[in-house]
Amino acid sequence: MLYEVTLPSLGDDDDAVTGGTVSLWLAQVGDELNVDDDLLELTTDKAAFVVPCPVAGVLRERRLTEGDEVSVGEVLCVLEI
């Protein structure tokens, strides 16, 4: 079964991040990931965030490359769970 990982809202309601730039992928296609393993680093105008893996599975596809802009709700990658 395939699972699309989307960018979650990061931060408090008042300071929630609505998007940013993929600065570094920390997981590679084929990696077996557990819940909360680091997927990628996201840079915003305020800070850098590490986006955690929401479910356990194998990374099958990265939909974005380093330098791409991404918004909350956009698909980051696909896991086989």
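Considering only ASP37, ASP68, ASP45, the Gaussian network model of the chain with Cα springs below 10 Å gives its largest mean-square fluctuation to ASP45. Placing unit charges on each Cβ (+1 for Lys and Arg, -1 for Asp and Glu) gives the chain a dipole about its Cα centre, and among GLY67, VAL17, ILE81 the Cα reaching farthest toward its positive end belongs to ILE81. Annotation: average projected area of the chain is 4.7 square nanometres, based on the convex hull of Cα atoms across all directions. Our estimate of slack between THR21 and ARG60, defined as 0.36 nm per intervening residue step minus the Cα-Cα distance, is 11.9 nm.
A cut-off under 12 angstrom between Cβ atoms defines the neighbours of VAL50, and their net charge, with Lys, Arg +1 and Asp, Glu -1, is -4.
Of the residues ALA27, ALA47, ALA56, the one that moves most in a GNM of the chain with alpha-carbon contacts below 10 Å is ALA47. Annotation: amide H of LEU26 within the under-5 Å range of LEU40, GLU41, sequence separation 5 or more or interchain, hydrogens built in the peptide plane.
Just so you know, all these numbers are worked out from the coordinates, no wet-lab data involved. Remember, it's a predicted structure, so these values are computed and weren't measured experimentally. Because the Cβ atoms are built from the backbone with ideal geometry, glycine has one as well, and the counts that use them run over all protein chains shown.
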